[in-house]
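Heads up: the structure comes next, in structure tokens.
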Amino acid sequence: MITKLSHRLGTIAGLVTDGARVADIGSDHALLPVYLVSKGQCPSAIAGELNQGPYEAARRQVREAGLSQKVDVRKGNGMAVVTPGETDTVTIAGMGGHLIATILEEGRVAGKLEQVKELVLQPNVGEDAVRHWLTEHGWALMEERILEEDGKIYEVLRATRVEDAALHNGELYKALHLPVQANSLISDDEAVELIYRFGPYLLAEPNEVFYLKWDSELRKMDRICTQMEQSGADEAIVRAKQFRLEMAQIEEVLACLRKDKP
């Protein structure tokens with residue numbers, strides 16, 4: 001019997017290339033590797049977990065699924081559980097974007113990513129940090145998804161190795177792709193950074209969840225600004241002004257997107 005995945009994990013699984021050998025870093029209960037292998041989508045998988053409790057839970061999950069010969073549960077930190085050349089796709093889900101970027105960078109430095117062809121990543125926050133890391137290290141962002149589950153919003157990114165990754169990403173993050181007003185004060189550099197923040201594919205085809213996320217982010221930023229302004233501290237007031245500027249830029253983009261909706 002194939003394990004039923006949550007909407008979030010199901011979205012990640014849907015972006016993994018058929019036939020790929022997968023390493024799921026921070027695998028928790030190994031639900032994703034077990035699903036991919038039991039479904040026949042992947043011939044083998046590695047479930048990596050640092051903490052003892054989830055590691056034992058993953059081993060139990062694999063054993064009960066009868067997949068101990070195909071899903072290897074390993075205890076270790078990040079990409080340390082992977083040997084170069086034994087995996088085609090790396091998945092990392094449910095962590096902050098900066099932590100995901102750190103895990104990938106440590107793996108890159110250790111040579112663990114040299115033969116990996118695909119990354120499927122689901123940061124809980126800090127998605128722009130992941131997009132920046134991908135661009136800086138020659139990975140082409142190919143797909144993005146945004147979804148809501150149990151009151152939380154998640155973004156899933158898929159990147160691959162391609163020869164013209166720099167050209168691909170250069171086109172993807174062009175300032176002119178940001179929808180702005182004719183008299184906008186957003187500079188080209190700020191426009192590019194906003195595309196990293198919004199996500200180029202999500203920005204090109206915004207859905208209801210996309211708007212839900214950014215409306216929520218604006219409310220959150222407004223609350224933070226109000227608290228900083230009320231503190232009276234000079235540094236906090238300067239930071240609040242910066243936040244207000246960022247909010248105005250986000251609001252401008254959202255207004256343009258909504259105006260362009262068919």
Worksheet, complete the sentence: Rounded to one decimal in Å, the inverse mean reciprocal Cα-Cα distance for the range 131-208, i.e. its Kirkwood radius, is 13.5
Worksheet item: Within the accessible area of the chain, what % is carbon and sulfur when the probe is 1.4 Å and the other protein chains stay in place?
Response: 50
Worksheet item: Relative to the first principal axis of the alpha-carbon coordinates of the chain, what is the inclination of helix 97-109, with its axis defined by its Cα atoms, in degrees from 0 to 90 and to the nearest 10?
Response: 50
Worksheet entry | In the range 1-94, the trypsin sites (Lys or Arg not before Pro) that fall in loop regions by DSSP, at most 14 other Cβ within 10 Å | K4, K39
Discussion item. Counting only helical runs of four or more DSSP H residues, what would the 222 nm mean residue ellipticity of the chain come to if each run contributes -39,500 (n - 2.57) and the total is spread over all its residues?
Written reply: -15500 deg cm²/dmol
Worksheet item: What's the angle, to the nearest 10 degrees (0 to 90), between helix 234-260's Cα axis and the longest principal axis of the chain?
Response: 80
Fill in: Residues listed by number, the range 1-25, amide nitrogen under 20 Å from L50 label point at 7 Å toward C-beta
23-25
Practice prompt. Might you work out the accessible area of K220 for me, using a 1.4 Å probe with all protein chains in place, and round it to the nearest 10 Å²?
Written response: 90
Worksheet item: Rounded, prolate or oblate: which fits the range 66-171 when a ≥ b ≥ c are the square roots of the eigenvalues of the alpha-carbon gyration tensor, with rounded for a/c under 1.5 and prolate only if a/b beats b/c?
Response: oblate
Worksheet item: What is the Rg over Rh value, at two decimals, for the range 58-110, using alpha-carbon atoms and the Kirkwood definition of Rh?
Response: 1.01
Worksheet item: Which pairs break 26 Å Cα to Cα here: K39/K75; K112/K213; K174/K259; K174/K213; K4/K112?
Response: K112/K213; K4/K112
Discussion item. Using alpha carbons only, how many angstrom separate the centre of the range 123-169 from the centre of the range 29-102?
Written reply: 20
Worksheet item: Just from the alpha-carbon atoms, what are the Rg and Dmax of the range 1-131 in angstroms?
Response: 13.4, 39
Response to the item:
So, with points 7 Å from each Cα along the Cβ direction, the E235-D260 label distance in nm works out to 3.9
Item to complete: Kindly state, to the nearest 0.05, the FRET efficiency for E208 paired with S68, given R0 = 30 Å and r defined as their beta-carbon distance.
Response: 0.10
Fill in: Volume per residue of the C-alpha convex hull in the range 119-262, rounded to whole Å³
127
Worksheet item: Residue farthest toward the positive end of the dipole of the chain, with Cβ of Lys/Arg at +1 and Asp/Glu at -1: which of W133, T83, L36?
Response: L36
Fill in: Rounded FRET efficiency, nearest 0.05, which uses the C-beta distance separating V109 from N183 and R0 of 41 Å
0.35
Practice prompt. Give the accessible surface of the range 97-245 per residue, rounded to a whole number of Å², with probe radius 1.4 Å and ligands, DNA and RNA excluded.
Written response: 54
Worksheet item: Stretched out fully, how many nm does the piece from A166 to V192 gain, at 0.36 nm a residue minus the Cα gap?
Response: 7.9 nm
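Scan the range 104-148 for GluC sites (Glu not before Pro) in coil per DSSP, keeping those whose Cβ has at most 15 other Cβ atoms within 10 Å, and list them by number.
E114
Using the alpha carbon gyration tensor of the chain, what are the three equivalent-ellipsoid semi-axes (square root of 5 times each eigenvalue), largest first, in whole Å?
For the chain, the semi-axes come out at 36, 20, 18 Å.
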Worksheet item: So, in nm, how far is label I153 from label Q227 when the simple model puts each one 7 Å beyond its Cα toward the Cβ?
Response: 1.9
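The values are calculated or read from the model by the stated rules, or taken from the named source; none is laboratory data. Keep in mind the model is a prediction, meaning the values are calculated, not measured. Cβ sites come from the backbone with ideal geometry, for glycine too, and all protein chains shown count toward neighbours. The protein model used for the area step is the full one, side chains on, heavy atoms only, and it has no ligands, DNA or RNA in it. Shrake-Rupley method; radii C 1.70, N 1.55, O 1.52, S 1.80 Å.
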